[in-house]
Amino acid sequence: MGDLVVGARSGPGEPEGQGPSVGAAEKEATAVNLGKSPDADGTQRFEQDGAGPGGSGSRWSWGKRGRAGAGEPKKPRSFWKELPILIGIALVLALIIKTFLVQAFSIPSQSMQNTLQVGDRVLVDKLTPWFGSKPSRGEVVVFHDPGGWLEENPPTTTNPVASAFQKVLSFIGLMPSAEEKDLIKRVIAVGGDTVECKGTGPVIVNGKPLDEPYIFPGNTPCGDKPFGPIKIPPNRIWVMGDHRQDSLDSRYHQMLPGGGTVSVNQVVGRAIVVAWPVTRWSTLPIPSTFDQPGINAAAGAVPAVGGLAGAVPLVLLRRRRMVKKQREDC
């Protein structure tokens, strides 16, 4: 049964100290016989502690509604009922991370040895490009095939179940995609740079030779494919593999649109760390040779020349106005 208020009760207008009126007593008796709380209708009850209406110690209270035990806490859901919700939340978070933050990629070839080995898993930063960041010299980047760089990839498995499972995992970023045609190379030059390599090298960017200790042992910087000088168009990059004699990079695609360069819009992001296997864990910093003084001189001269070209007409116009004003004053 519901909670009963114990003690003397007085309704409005009843003498102090008396019990409930006859009508109220009948009402309570009827409610009890029906298996309900006397206050199941939710009517307001007036309790007093030895005082009349409005007197000292009086208070208002409400009766409970519903069945006995309705106020008891609900039992928590079982683990098996919560599991689908947890899996759904995990998948949504994984998809958000893959789309906006980082994504795992697998190294399929030897073109980046010894920096990266076949089978390495790298994590690629996809966040900074959303804020307008562009690839820098020396970064290892993943980019989509600009067109004609890769042949059609044969299916990795003929098992439909395994293929579907791989597609699901690659969609949420837990496994590299077998269908996306992506490449990974090192950025050597960016828009506005001039790059070249003759004979056995070295590679020269804006007149500065590069010291490239990351090149695969025994390789020359460009002995198999000399090039340049090449002026890199704005918003494009020149990329090369660290295994120079085993990398079909920008040098080998100069006959395609773009002259071997890659649009920055095709760049997925920068590879920042080797995450797997654990024994190969390492970061992928920018080599110090790309920080040498003067390597930015040529690219930096472009804005300066543009500023000078824009300033000359303004100076001439100002001088003409001054001469005209002096003539009028005379």
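The values are calculated or read from the model by the stated rules, or taken from the named source; none is laboratory data. Remember, predicted model here, so these are calculated numbers, not experimental data. Note that we place each Cβ from the backbone using ideal geometry, even for glycine, and neighbour counts take in every protein chain shown. The area values use the complete protein model at the heavy-atom level, side chains included, leaving out ligands, DNA and RNA. Shrake-Rupley method; radii C 1.70, N 1.55, O 1.52, S 1.80 Å.
Condition first: assigned to a strand (DSSP E or B), open to solvent by 70 Å² or more (accessible area, probe 1.4 Å) and of a type outside the set (Val, Ile, Thr). Can you find one or more residues in the stretch 260-283 that meet it? Quick ask: steps written out before the conclusion?
Just the residues of the stretch 260-283 that are assigned to a strand (DSSP E or B), to begin with: 262-263, 267-276, 282-283.
Imposing the further condition that a residue be open to solvent by 70 Å² or more (accessible area, probe 1.4 Å) reduces the set to 276, 283.
Checking which are of a type outside the set (Val, Ile, Thr) leaves us with 276.
Within the stretch 260-283, one or more residues are assigned to a strand (DSSP E or B), open to solvent by 70 Å² or more (accessible area, probe 1.4 Å) and of a type outside the set (Val, Ile, Thr).
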Of residues in the stretch 235-282 being of a type in the set (D, E, K, R) and touching a strand residue (DSSP E or B) at 6+ places or on another chain (Cβ under 9 Å), the one nearest to Lys181 (Cα to Cα): Asp249
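Would you confirm whether or not the stretch 180-195 contains a residue that is in a loop (DSSP other than H, G, I, E, B) and at pLDDT below 70? Quick ask: steps written out before the conclusion?
Taking the stretch 180-195 first, the residues in a loop (DSSP other than H, G, I, E, B) are 180-181, 191-193.
Now restrict to residues that are at pLDDT below 70: 180.
There is at least one residue in the stretch 180-195 that is in a loop (DSSP other than H, G, I, E, B) and at pLDDT below 70.
Return the total of residues in the stretch 100-123 being more than 26 Å from Pro221 (Cβ to Cβ) and open to solvent by less than 50 Å² (accessible area, probe 1.4 Å). Show your work before the answer.
At the first step, the residues of the stretch 100-123 found to be more than 26 Å from Pro221 (Cβ to Cβ) are 100-104, 106, 119, 121, 123.
If we keep only those that are open to solvent by less than 50 Å² (accessible area, probe 1.4 Å) as well, we get 103-104, 106, 119.
Residues meeting the conditions: 4.
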Residues (charged (D, E, K, R), in a loop (DSSP other than H, G, I, E, B) and under 33 Å from the mean Cα position of the chain (by Cα)) located in the stretch 219-251: Asp242, Asp249
Selection count where residues are open to solvent by 30 Å² or more (accessible area, probe 1.4 Å), within 16 Å of Met112 (Cβ to Cβ) and of a type in the set (A, V, I, L, M), scope the stretch 201-223: 0
Pairs with Cβ under 6 Å, 6+ apart, first in the stretch 191-216 and of a type in the set (Asp, Glu), second assigned to a loop (DSSP other than H, G, I, E, B): Asp193/Asn206; Asp193/Ile232
